[in-house]
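Have a look at the structure below, then the notes.
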Amino acid sequence: MNNSDISNKLEIHKCVLCYDAPCSQIYKNINPERIIRAIKFENQKGARMLIDNKDTCLIKKENCTIVCPRNVNIDKIIKNLIESTDKLDNFNNIDLTTYICGVKLENPFLLSSSVIGSRYEMCKRALSQGWAGVVLKTICMMPIDESSPRFSALKDWDESFIGFKNIEQLSEYSLEENMETIRKLKREFPSKVIIASIMGRDEEEWEYLAKEVTKAGADLIELNFSCPNMKHKKTGSDVGQNPYDVEKYTKVVRNSTDIPILAKMTPNITDMKIPALAAKKGGANGISAINTIKSITNVNLENLVPEPDVNGKSSLGGYSGRAVKPISLRYIAEMTNCEELNDMAYSGIGGIYTWKDAVEYLSLGCTSVQLTTAVMEYGYRIIDDLIMGLKIYMKEKNYTSISDFVGLSKNNLVNNDLLDKVSIEYPKVNYDKCIGCGRCFISCKDGGHDAIKFDDNRRPIFDLKKCVGCQLCRLVCPNSAISKAIKRINK
Ligand SMILES: Cc1cc2nc3c(=O)[nH]c(=O)nc-3n(C[C@H](O)[C@H](O)[C@H](O)COP(=O)(O)O)c2cc1C
């Protein structure tokens, strides 16, 4: 990254992605909000493609920074993009078709069960914008009463969510209202996939719900064995932690419907393979993972109440969003690498914001992915860059179908004792990019092996006798000036 890249990045960070952005009404021929959104959602090349006419795009009616609530220098961002040398490929013919338990999806992106898929009007809007399907907010027969407020977040410096906590339970709509939602969605969107998430309190309720959602026309059923916020004992994650109950309820549903069944797993457990195997034994066709992780995001230091503060008290709640992706990927990989479980379908969930996150899940063996927190933070519109970014990636990698890369990274995961322990990959500094901040120096000195010296120009010099190749320096470098290897050598 050179200084102009950094100032461009900071400029982009200033943009808050306004709804119906005022800047987009000022510019002619381009939509700055759409372009900056593409950059923010890791679709840099797509952003460049959104500017098709260099000459006319910068003609605007008046200065856009005047209307921008954050004074973002949009001209500068657009000019930098136009000057970028990214290759422009036509990616429109890339087919994103994939399958979940044999059911066709037009692309791998589903709304996961939550508030974002709780009402007909909301689902209709999402499906119209390009989502391949929706897992409806969990349908149940128990009374649901929620608290206010019900969310809290761990935030980054730019106010974006690092992680998100909710203390919400299940659908507040009646069974009949939910059945009508399924019927209407299937009628209006026959090629989209409608998945009914259900949760019963006993075998009779599981059976009844499975039969009702099947009758209403759901394409698949997802069994919620994983909500961590349930008031009723022996429901939600209590079930997911008990393989006996997982198998019992899966079997009841299997005997009540012909449509495919996904079992949604709780991460509040050590080994997810155990309940996953129980679900398979009970007749599930696939696994959805993960639901949220029991958490406390923060405690208010004034009144010492954890958040969300519900009239002076709080409770543990489910953690989701960016922070949980590494935990979810681990569970997915453990299941897809398990011989007895590798014939199951996997729908990956947890911390997916961009097409890159999705590719990680797919490469570990999922054939579809589900999102909630990213949509709660930015809206259904994020589907634009999920689809476009994935298509551009596939075009560049010469993948003609999603199945070309599903599961490809699975085999690259081995036990620690099977890793190469005899060679060292030293870090390499690009002195044109190095700004002499000394972050590598201090991290190596206090958190590494004291293998970096500063020369008179504040440039890092590596002592290869001390360097063990841990590459903490590369990870802390704020300017991407340290790259992976001079060369790999034997110790
Ligand atoms: C506000 C909120 C409500 C949720 N409600 C449900 C639910 O009713 N049923 C369910 O199976 N999962 C529910 N979830 C879990 C999500 O479907 C998903 O598994 C989890 O949030 C992780 O994905 P994410 O990081 O993309 O949000 C909920 C999550 C949130 C944030």
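A short reminder: the numbers here are calculations on the coordinates, not readings from a lab. Worth saying up front: this structure is predicted, and the values here are computed from it rather than measured. FYI the Cβ positions are ideal-geometry reconstructions off the backbone, even for glycines, and counts take in every protein chain you see.
Can you return the lysines within cross-link range of K410? Criterion is Cα-Cα under 20 Å, with same-chain partners fewer than 8 residues away left out.
Straight-line reach from K410, under 20 Å: K273, K325, K356, K397.
Mind checking the dipole of the chain: about its Cα centre, +1 per Lys or Arg Cβ, -1 per Asp or Glu Cβ, Debye to the nearest 20?
Working: 67 positive and 62 negative charges, 261 e Å.
That gives a dipole near 1260 debye.
Tell me the net charge near K251. Cut-off is 10 Å between Cβ atoms, K251 excluded, with +1 for each Lys or Arg and -1 for each Asp or Glu.
Values: positive: K248, R254, K281; negative: E203, E247.
Surrounding charge for K251 is +1.
Longest segment of the chain with no GluC sites (Glu not before Pro) in a DSSP loop having at most 11 other Cβ atoms within 10 Å? Before the final figure, lay out the partial values.
Working: sites that count: E62, E159, E302.
The longest such stretch corresponds to 303-491.
From the helices alone, meaning DSSP H stretches of at least four residues, give me the mean residue ellipticity at 222 nm for the chain, per-run term -39500 (n - 2.57), in deg cm²/dmol to the nearest 500. Mind dumping the intermediate values first?
Working: 19 runs with 170 residues, N = 491.
Mean residue ellipticity at 222 nm (helix-derived): -9500 deg cm²/dmol.
Once you list every other residue whose beta carbon is under 10 Å from the beta carbon of T98, what net charge do they have if Lys and Arg are +1 and Asp and Glu are -1? List each step's numbers first, then the result.
Values: positive: K104; negative: D95, E106.
Net charge in that neighbourhood comes out at -1.
Taking R0 as 22 Å, what's the FRET efficiency between E377 and L304 from their Cβ-Cβ distance, rounded to 0.05? Please list the in-between numbers first.
Working: r = 27 Å, r/R0 = 1.25.
After rounding, the FRET efficiency stands at 0.20.
Give the range of the longest stretch in the chain that excludes all chymotrypsin sites (Phe, Trp or Tyr not before Pro) found in loop regions by DSSP and having at most 12 other beta-carbon atoms within 10 Å.
On the way: sites that count: Y19, W157, Y431.
So the longest stretch without any such site is 158-430.
Which of the aspartates and glutamates could a cross-linker bridge to K45, judged by Cα under 14 Å and excluding same-chain residues fewer than eight apart?
E83, D86, D89, D384, D385, E396
Mind checking which of F454, Q169, G321 is farthest towards the positive end of the chain's charge dipole, using Cβ charges of +1 (Lys, Arg) and -1 (Asp, Glu) about the Cα centre?
F454
Need the C-alpha centroid separation for segment 244-271 versus segment 210-231, integer Å.
After rounding, the separation between the Cα centres reads 10 Å.
Quick check: residue separation of K421 and S480 times 0.36 nm, minus the Cα distance between them. What number comes out in nm?
Values: separation 59, 0.36 × 59 = 21.24 nm, distance 2.61 nm.
Length gained between K421 and S480: 18.6 nm.
If the cut-off is a Cα-Cα distance under 20 Å, which lysines reach K466, setting aside same-chain residues fewer than 8 apart in sequence?
In chain and number order, the partners are K421, K428, K445, K453, K484, K487, K491.
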